[in-house]
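Participant: Attaching a single structure in structure tokens format; questions to follow.
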Amino acid sequence: MIQEPPTTDTGATLDTDVCVIGAGPAGLALTLMLLRSGVHVTLVERSTAFDREFHGEILQPGGQRILDELGVLAGATARGAARMRGFQVLERERVLLDIDYGRLRAPYDHLLALPQPHLLEELLAACRELPGFTLLEGHRIAMLRQKRPDGPCTGAVVNGPDRVPVTVRARVVAGADGRFSKTRALAGIDAGRRESRTHEVVWSSLHVPGGATGQARVHRAAGGAVLVHDSHPGRLRIGWILPHGVRRGAVRRGIEGIRGELAGALPQYADLVHEQITSMADLTLSDVFASHAGEWVRDGLVLLGDSAHAHGPIGAQGINLALQDAAALHPVLVSALADGEPTARRLAPYRDRRAPAAAAVQRMEAVQARSLFGGGGPAAALLRARAAAVVTRTPIGTKITREVAYGQDPAEVRTDLFPVLQVNRSL
């Protein structure tokens, strides 16, 4: 439970430097970086707890490094995490692709399944230790402050649990409120949803004490794919990824049909699937799509993370990209605020740096999707196997592994912009 005490009277007006909307990985990481640079931040989060359902929890080495540079990785991991040595793609138990993260330089030579509540709680605890921090929990953005529709953004009006508005006057509003961003919608910015890349995911988990695989695996299955990875504590996280529209038919077949298909795709876990998935309440259904917002920056407004670009679960890149966005935006925003010019022109270098990186990941995910969902018979299967062998057995594989782990733009935290606080890295 978020225990931050109330920071304003009902209906109050707050003054701050930056108003961050959304306390996810992008919003909290950006907030922490700005606070350490002496910037005053008001963080608006609609939830009052971090114990809600989260789906993304695989952390790539690039994201691990950013959290370590912030001094929070060790604490978040100590709350509970599962370490995995690599990523595999299988078809009928035959390994088509084996990406070994052990090829990378330690200490970031593995994947980490880090439950998001553990990550968010650690980031929030670090923010609470710093001056200039205001948290408005249970508040939802209602409108952006602008004197005219095309004018600079000068803050936001947010509604608390009692629906009484609080006005936050800010020099910049940072929208980090996810793929269905209300901030982006209020600004009239198109999400850039790409319908050709939509998928639906049926999420579930199995309790498998002592059954950790040490791998994140994608199993090719008839009509879809199944993502399986270790999760804390002693669980396997399962994401059944289906082309858009297929889920409806699965739901019509009921729990018996879904359970049967999952057991067929994962024969090694068939008994556990039948024992532990007993009703629709054991499943979470979600719509997943790729998107790339039409605009990322305006005068006094910036988008980051899923608000600017959304991704599917196959490549496990969502949290990685969100943290890298925050690291790239931080110095740009600090400089613009210091000069009193948080305009679209001054914020543009962040967009120019990160938009190509997000687009590159989406291209990679499109290739992965075609490989996983594509048919083509024996000839296509042979081509897939040969391509996978190149990645697995040659030096090209090391390069590809590094790019998957760190992305096209391996952003790092500008700790030199933290004027006083020393960050203790534990790895």
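Participant: Keeping all protein chains in place and using 1.4 angstrom, which order do LYS147, LYS182 fall into by accessible surface area, from largest down? Could you put the intermediate results ahead of the total?
Facilitator: Numbers: LYS147 200, LYS182 95 Å².
Per-residue accessible area, sorted high to low, gives LYS147, LYS182.
Participant: Mind giving me the FRET efficiency for VAL367 and THR48? R0 is 35 Å, r the Cβ-Cβ distance, nearest 0.05 is fine. Let's see the in-between values first.
Facilitator: Details: r = 40 Å, r/R0 = 1.15.
Approximately 0.30, to the nearest 0.05.
Participant: Rounded if a/c is under 1.5, else prolate if a/b beats b/c, else oblate: with a ≥ b ≥ c from the C-alpha gyration tensor eigenvalues square-rooted, which is segment 272-322? Provide the component values of the computation, followed by the final result.
Facilitator: Working: a/c = 3.91, a/b = 3.06, b/c = 1.28.
Taking the square roots of the gyration eigenvalues as a ≥ b ≥ c, segment 272-322 is prolate.
Participant: Is the shape of segment 141-185 rounded, prolate or oblate, going by the alpha carbon gyration tensor and its root eigenvalues a ≥ b ≥ c, with a/c under 1.5 for rounded and a/b larger than b/c for prolate?
Facilitator: oblate
Participant: Please give the contour-minus-distance gain from THR398 to GLN268: 0.36 nm per residue of separation, less the Cα-Cα distance, rounded to one decimal in nm.
Facilitator: Values: separation 130, 0.36 × 130 = 46.80 nm, distance 2.99 nm.
Gain on extension, THR398 to GLN268, equals 43.8 nm.
Participant: Could you compute the FRET efficiency for MET143 and GLU93, with r as their C-beta to C-beta distance and R0 at 41 Å, rounded to 0.05? The partial results should precede the final answer.
Facilitator: Numbers: r = 54 Å, r/R0 = 1.32.
After rounding to 0.05, the efficiency reads 0.15.
Participant: Continuing with the same structure: Could you give the length gained by full extension between VAL208 and ASP282, i.e. 0.36 nm per residue of separation minus their alpha carbon distance, to one decimal place?
Facilitator: Gain in length upon complete extension: 25.1 nm.
Participant: Output the peptides 34-42, 258-266 sorted from most to least packed, where packing is the average of other Cβ atoms within 10 Å over each peptide's residues. Present the calculation step by step, with values, prior to reporting the outcome.
Facilitator: On the way: 34-42: 23.9, 258-266: 19.1.
Output ranking for 34-42, 258-266: 34-42, 258-266.
Participant: Could you let me know the centre-to-centre spacing of segment 83-99 and segment 132-192, using Cα atoms, in angstrom?
Facilitator: Rounded to whole Å, the Cα centres lie 42 Å apart.
The values are calculated or read from the model by the stated rules, or taken from the named source; none is laboratory data. Given the structure is predicted, the values throughout are model-derived calculations rather than measurements. Because the Cβ atoms are built from the backbone with ideal geometry, glycine has one as well, and the counts that use them run over all protein chains shown. Accessible surface areas use protein heavy atoms only, side chains included; no ligands, DNA or RNA. Shrake-Rupley method; radii C 1.70, N 1.55, O 1.52, S 1.80 Å.
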